[in-house]
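Scroll down for the structure; my scribbles are underneath it.
The values are calculated or read from the model by the stated rules, or taken from the named source; none is laboratory data. None of the values given here were measured: they were computed from a predicted structure. With ideal geometry, Cβ positions are generated from the backbone for all residues, glycine too; neighbour counts draw on all protein chains shown. Accessible surface is based on the protein model in full, side chains and every heavy atom, while ligands, DNA and RNA are left aside. Shrake-Rupley method; radii C 1.70, N 1.55, O 1.52, S 1.80 Å.
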Amino acid sequence: MQVPFHGRSVRAWVLGATDDVPPGVLAVRTLVSPTRWFDDRGLALCRWVSERYVAPLAAVLRRASPPRVAGEEDPALLAERRAVTPPPAIAGVLANHRDGQGLLQAIEQTRSGGWVLRPVPEHEAAAVVDAVGACVSSGRRALVIVPESTPVPGTALAIAEAFGDRASLLLGGSKRARYRTWLDVQAGRYDVVVGTRPSVFAPVPGLGLIVVARESHAALREDRAPYYHARDVALARGAIEGAVVVLSALAPSSEAAALSLPTVSPQRRSWVPVEVVAPGPEGRAPRLVKTLASSSRAFVFSPLPGYGIAAVCRACGQPAACASCGGALRSSEGAVRCVVCEAPGRCRSCGASDFGLRRGGQERVEEWAARAARVPVRRLGPGDTPRLPDEGEVLVGGPDDVRELGAGGLDLVAILDADLAARRPGLTARERAFATWTEAVAWARPGGRAIVQTSHANDPAVQSLVQGDPARFHRDERQRRAQAGFPVGSAVFRVAGGPGLEAALTALGPITLLASSHEGQTICLLALDPGDVPAFGRAARELARRDVVNRVEAEPHL
Ligand SMILES: [Zn+2]
Ligand SMILES: [Zn+2]
């Protein structure tokens, strides 16, 4: 509806009735939509998001609702519920997992609570189909959150195939189509809804199960205000609606591991042998070169784009740096550009544009791999849709190419430049790298092999990759993050403001407070006990009124 507020007409929501009417309240100007956007539980969830991430409730409600297309609100347009697809037979994959029966019983009896599912790649999608099947046959509905929509993840494809017209995929489409689907979902036309991050708010009635697939994926965190993490919102929603929440991942996040939830995993886990070798020049370890020659289907993971980094100016002999900004210069697709400002590469000292390169990166790997392999070698470029290599093909790809594409069946998966993960800035860079390596290595077929190139064979992430078990990595991460002052499970905020910000936040007794000031602007990074967030939120709102705080960002990528 539209209401008058401070002399303007603004959009507003009806949250409920009250007898406590403050003086000066004006009448509603226009009713915009007859559609009910959220029920009491939906509102409770939005209030939780507003409090946990210190965001205005109105902003959360706006984010939780799809863009409205008025023409779709005619009740006559609601999709006919046909459900000609019979519910799928339970494949029994989950039942054969350790604790799988316990999870199925919890779903059938809708005993709310969280579970971690750590499947093997060939059962990743089937285990979710089983869980959803158990939910639907007990008469409730299920919601499955996937991190990405293109290409459609294997779990989403498997749900669509198993549940046919009982399933709705909220993966892109026009504004009109999305709103249409949202209304049909709200009307209970679908037994299972699959969607990306915003779908965690989808108005599924009678919700019995929420699955968060690949819960360690970075895309599950909302990057714009109001910030939220779909994993945590799913857990909160499960508690509010009495639904079971399953966090599924080949490499569970430290956050999921720290929740001490019951873990469902295969009775016997086969994991491909992972050989650890020292990196050769430009990634050409002799062992890898030899193995490539005997592989007919392989994926070579290189975290670096381009052909190489400019090391030295050939004209003046000075170390290469961008003339505009001093950044590093990268050679890619035959041209040298600054990695920071993207200006064409010119020497900072003399303006020349001829550089000696330190080779390495996906383009260079493609070049030498083509000489080593007996089958064609191709590289996934920035615009290419990620895919698995075909039979008789070696693919070179980077972090963005490792997606949920199915079991893989590859002869060889090679991880190059593993040491780079430790040097990347950011507290969670290592965890992202570990998840990516695990997901890529999982593409190797039983009897295939994986090779990881590192100078640090004892690194906990490398060891966990070799063992196919994240336990050691999680132990190390917990310690490392606690030492850095941002313990796993703490609530982290980046707060910007004026003078007095640091003192005001220190008074709240955070676990950690890091402050930096620049030109009168102070940026604070603070870690809080999750129980202290409501008090922090109240303080932040009060400080905002006094102009001490001007921005609060929840759960920044550290
Ligand atoms: Zn530059
Ligand atoms: Zn120069």
Could you name every one of the strands (runs of 3 or more DSSP E) located completely within segment 444-555 that has at least 3 residues being within 24 Å of residue 278 (Cα to Cα) and under 25 Å from the mean Cα position of the chain (by Cα)?
-> 444-453
Does segment 355-373 hold any residues that are part of a loop (DSSP other than H, G, I, E, B) and free of Cβ contacts under 8 Å to residues at least 60 places away in the same chain, and which are they?
-> 361
Mind checking which residues of segment 347-367 are buried (at least 20 other Cβ atoms within 10 Å of the Cβ) and of a type in the set (Lys, Arg)?
-> 364
Given the conditions (1) open to solvent by less than 10 Å² (accessible area, probe 1.4 Å); (2) of a type in the set (A, V, I, L, M); (3) in a helix (DSSP H, G or I), report the number of the one that residue 289 does not fulfil.
-> (1)
Among the residues of segment 331-338, is there at least one that is closer than 30 Å to residue 392 by Cα, charged (D, E, K, R), away from ligand 1 (no atom under 16 Å from the Cβ) and open to solvent by 60 Å² or more (accessible area, probe 1.4 Å)?
-> yes
Only one of 303, 319, 286, 279 is within 16 Å of ligand 1 (Cβ to nearest atom) and closer than 30 Å to residue 358 by Cβ, namely 319
Residues located in segment 215-263, provided they are without any contact (Cβ under 8 Å) to a residue 60 or more places away in the chain and small (Gly, Ala, Ser) | 260
Can you name the number of the only condition in (1) surrounded by 16 or more Cβ atoms within 10 Å (Cβ to Cβ); (2) within 28 Å of the chain's Cα centre (by Cα); (3) small (Gly, Ala, Ser) that residue 372 fails?
-> (2)
Out of (1) more than 10 Å from ligand 2 (Cβ to nearest atom); (2) over 28 Å from residue 286 (Cα atoms), what's the single condition that is false for residue 358?
-> (2)
Entirely in segment 92-185, the strands (runs of 3 or more DSSP E) that have 1 or more residues that are surrounded by fewer than 21 Cβ atoms within 10 Å (Cβ to Cβ) and in contact (Cβ under 8 Å) with a residue 40 or more places away in the chain | 113-117
Selection count, segment 315-329, where residues are open to solvent by 70 Å² or more (accessible area, probe 1.4 Å) and not polar (S, T, N, Q) | 2
Quick one: would you say residue 253 is polar (S, T, N, Q), open to solvent by less than 50 Å² (accessible area, probe 1.4 Å) and more than 16 Å from ligand 2 (Cβ to nearest atom)?
-> yes
In segment 385-427, what residues are among the charged types (D, E, K, R) and either over 20 Å from the mean Cα position of the chain (by Cα) or open to solvent by less than 50 Å² (accessible area, probe 1.4 Å) (or both)?
-> 390, 391, 393, 401, 403, 404, 411, 417, 419, 423
Test for residue 169: is it closer than 19 Å to residue 42 by Cβ and modelled with pLDDT of 90 or more = no
Might you let me know whether segment 443-460 holds any residue that is under 15 Å from residue 249 (Cα atoms) and surrounded by fewer than 17 Cβ atoms within 10 Å (Cβ to Cβ)?
-> no
Could you please let me know if residue 19 is over 30 Å from residue 174 (Cα atoms) and at pLDDT 90 or above?
-> no
Starting from residues that are more than 13 Å from residue 159 (Cβ to Cβ) and in contact with a Ser or Thr (Cβ under 7 Å, 6 or more places away or on another chain), keep the ones in segment 188-211 and report whichever is least open to solvent (accessible area, probe 1.4 Å).
-> 208
Filter segment 310-354 down to residues that are in contact (Cβ under 8 Å) with a residue 24 or more places away in the chain, within 15 Å of ligand 2 (Cβ to nearest atom) and in a strand (DSSP E or B), then give me how many there are.
-> 8
Per-region count, segment 375-384, residues open to solvent by less than 20 Å² (accessible area, probe 1.4 Å) and out of contact with any strand residue (DSSP E or B) (no Cβ under 8 Å at 6 or more places or on another chain) | 1
Test: residue 60 is in a helix (DSSP H, G or I), touching a Pro at 6+ places or on another chain (Cβ under 7 Å) and among the aliphatic types (A, V, I, L, M) = yes
